[in-house]
Amino acid sequence: MTGFNLRGAYAIYVRELMRAMRTAFQSILAPVLTTSLYFIVFGAAIGGRMQAVDGVNYAAFIVPGLLLLTLLSESTSNASFGIYMPRFTGTIYELLSAPVGVAETLLGFVGAAATKSLILAAIILLTATFFVDYRIEHPILAIGYIMLVASAFSLFGFILGIWADNFEKLGIFPMLILMPLTFLGGTFYSIDMLPEPWSTIALFNPIVYLVNGLRWTFYGSSDVNIWVSFGLTISFLAICIAIIGFIFRTGYRLRT
Amino acid sequence: MQEPILEISGLTKVYDGGFKALDGVDLQIRKGEIFALLGPNGAGKTTLIGAVCGLVRPTSGTIRAFGLDLASDWRGARARIGLVPQELATDMFEPVGRAVKFSRGLFGKSPDPARVEEILRSLSLWDKRDEQIRKLSGGMKRRVLIAKALAHDPDLLFLDEPTAGVDVELRRDMWRQISILREQGVTVILTTHYIDEAEVMADRVGIIRNGKLLMVDDKDAMMARLGRTEAHINLAAPLTKLPASVSAFPVTIADDGMELVYRGGDGTGRGKRDVADLTKALSAAGIDYIGIDIRESTLEDIFVDLVGESA
Ligand SMILES: Nc1ncnc2c1ncn2[C@@H]1O[C@H](COP(=O)(O)OP(=O)(O)OP(=O)(O)O)[C@@H](O)[C@H]1O
Ligand SMILES: [Mg+2]
């Protein structure tokens, strides 16, 4: 038997989803709760006093940003824990001794993490309908973009889970870099609303492009060129894949 | 001789930090045999197994399994190798049956509930199939790991200390399992600290210390070559000089003439016959004795001799 081990990839994928099922209640309840809270605070309490942004009602305007906020952090943490825990507990021996390579591992772990993120996205969008009227101008592109972002950040999380050799490192990236960048990345506002020099500085924040890419698929408007958004997202995905390829070739942090 | 199922040559492993855990190991494993790898703590047994199973990156040397080079044809080779690790590492929240099913899939085999049931039954785990692994006893957990390793019907199975922390009854049970595997044609490589286990189970034995294979031989040949019989014959009256008929035997006088000590023979029972002949010679020479203490050396004695007490 040579070539791609599809059964192996599928086995990993199913097991990862099964693992998530153990905490299904929490996994569903948490995003429903946080999304609701955001809409109550930003939508109802503050949003009522905000003017429309680019012709979009403020509460609706924050839907893509809010979605992205959860998507980034959940994809990253799902995938990073998915690979970190087996390393930590030693169960990774089985994976390393199995006829699975980088492709099967990615399809299994990252596929499962991305799937969870998509389910999460659906839950958030569904929850949002109870609070605001929003439309999605390019639904197919929106789904595609959500999948792209979920995959890219699941890959990123996977790298993080291999790089980290303790729990602190596992948490430090999402908390110290990802979270601030996301909050400053125009999730809850248009960067046009920022005074100079901040609106120019914001252009160096990659998350700005992600948020605007997604917002464009919703409302057809964006602060930045959406091709740059797509290009950046795809480049990020490609870089992550290249790093993971390197990790598997050299056995970095996986094989002793 | 047919082509070896596993062929290791010049295998060296230097860990990050510079520790040399394996030092130019050459080893050939024959198809269908049970091979016991013996060595003190830190000798490099787990490292050797890890190098074959893909957990450890060899620093130099080549490993071929089923005629495939593991550096390039690892997919094909790994699909036919099973590993039961030394540490009890598995997702403790997973139910037994699902864990075994997962392992089968991971190694690229089509789902086969009947085969999984067979494996679980053979390891007395069928009743526990829906139980979370964390709820099982230590010995049962180990059997789950064995079931997982067998799930893809490997041709070559590594058992890294399969009976560590397992009670006597379960150990014998494990030995039975291993002989069943042998009958099915599975090649088994095991490590153990219980030398008697190797003595019962193994066709061949390898002794490793400080990353070097000191000796590899058929167990019986090793025992024959290095085995000894030691007999202490307590005499009724002190003896100062050996009669000619007795001095042909490898005996010495000890305990101020009150004891004759025989050291000789081999691991095949020649020593025992020798001692019988010796007692007849003593009787014929009119030397009376009041007790005989006879002891065959075990694989353990050989092992201790080879490895040295300090190691
Ligand atoms: N990841 C590692 N990094 C550095 N040194 C290691 C590593 N793993 C093992 N070693 C060292 O390599 C040597 C061989 O270890 P190994 O686990 O192969 O021994 P072993 O024969 O299996 O011992 P035991 O009988 O205790 O299981 C030991 O000295 C150990 O400290
Ligand atoms: Mg060991």
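A short reminder: the numbers here are calculations on the coordinates, not readings from a lab. All values derive from a computational prediction rather than experimental measurement. A quick note on method: Cβ atoms are made from the backbone with ideal geometry, for glycine too, and the neighbour counts reach across all protein chains shown.
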R0 of 35 Å, Cβ-Cβ distance B:Glu117-A:Ala122: FRET efficiency to nearest 0.05: 0.40
Restraint check, B:Lys109/B:Lys219; B:Lys20/B:Lys219; B:Lys212/B:Lys272, Cα-Cα greater than 32 Å: B:Lys109/B:Lys219; B:Lys212/B:Lys272
Distant-in-sequence amide H partners of B:Lys13 (H built 1.01 Å from N, under 5 Å): B:Ala21, B:Leu22, B:Asp23, B:Gly24, B:Thr59
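To the nearest 0.05, how large is the calculated FRET efficiency for B:Ala284 and B:Lys135 if R₀ is 56 Å and r is the Cβ-Cβ distance?
0.25
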Folded to 0 to 90 degrees: helix A:24-38 orientation relative to chain A principal axis, Cα: 20
Sequence of A:Cys240, B:Cys53 once ranked by neighbouring C-beta atoms within 10 Å, starting from the fewest: A:Cys240, B:Cys53
Hz values of 3J(HN,Hα) by residue in region B:22-37 - Karplus curve (6.51, -1.76, 1.60), Gly and Pro given as x: 10, 9, x, 7, 10, 7, 10, 10, 8, 4, x, 8, 10, 10, 9, 9
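Give me the number: length gained by fully extending B:Ile294 to B:Ala236, i.e. 0.36 nm times residue separation minus the C-alpha to C-alpha distance, one decimal in nm. It would help to have the intermediate numbers written out before the result.
Values: separation 58, 0.36 × 58 = 20.88 nm, distance 1.75 nm.
Fully extending the segment from B:Ile294 to B:Ala236 adds 19.1 nm.
Find the Cα radius of gyration of the protein assembly as shown, compare it with 2.2 N^0.38 Å by division, and give the number to two decimals.
Working: Rg = 33.3 Å, N = 567, 2.2 N^0.38 = 24.5 Å.
Working it through for the protein assembly as shown, the quotient is 1.36.
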Helix A:111-129 axis, angle to chain A major axis (alpha carbon atoms, nearest 10°): 20
Sequence-distant residues sharing a close amide H with B:Arg228 (under 5 Å, placed H): B:Ser297
Between region A:173-219 and region B:138-192, the alpha-carbon center distance in angstrom: 56
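Which FRET efficiency, nearest 0.05, do A:Ala103 and B:Ser245 yield, Cβ-Cβ r, R0 51 Å? Working shown, then result.
Details: r = 79 Å, r/R0 = 1.54.
So the FRET efficiency works out to roughly 0.05.
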Distance histogram for chain A (every C-alpha pair counted, 5 angstrom bins, percent rounded to whole numbers): 1, 6, 13, 17, 18, 15, 12, 8, 5, 3, 1, 0, 0
In nm, spacing of pseudo-spin labels at B:Val261 and B:Thr62 (7 Å Cα→C-beta vector): 5.1
Potential lengthening between A:Met193 and A:Phe248 on full extension [0.36 nm per residue; Cα-Cα distance subtracted]: 15.4 nm
Crossing angle, helix A:226-250 versus chain A [Cα axis fit, 0-90 degrees, rounded to tens]: 20
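Report the Stokes-Einstein translational diffusion coefficient (µm² s⁻¹, integer) for region B:228-297, Rh taken as the Kirkwood radius over Cα pairs, at 37 °C with viscosity 0.692 mPa s.
Working: Rh = 11.9 Å.
Here the translational diffusion coefficient equals 277 µm²/s.
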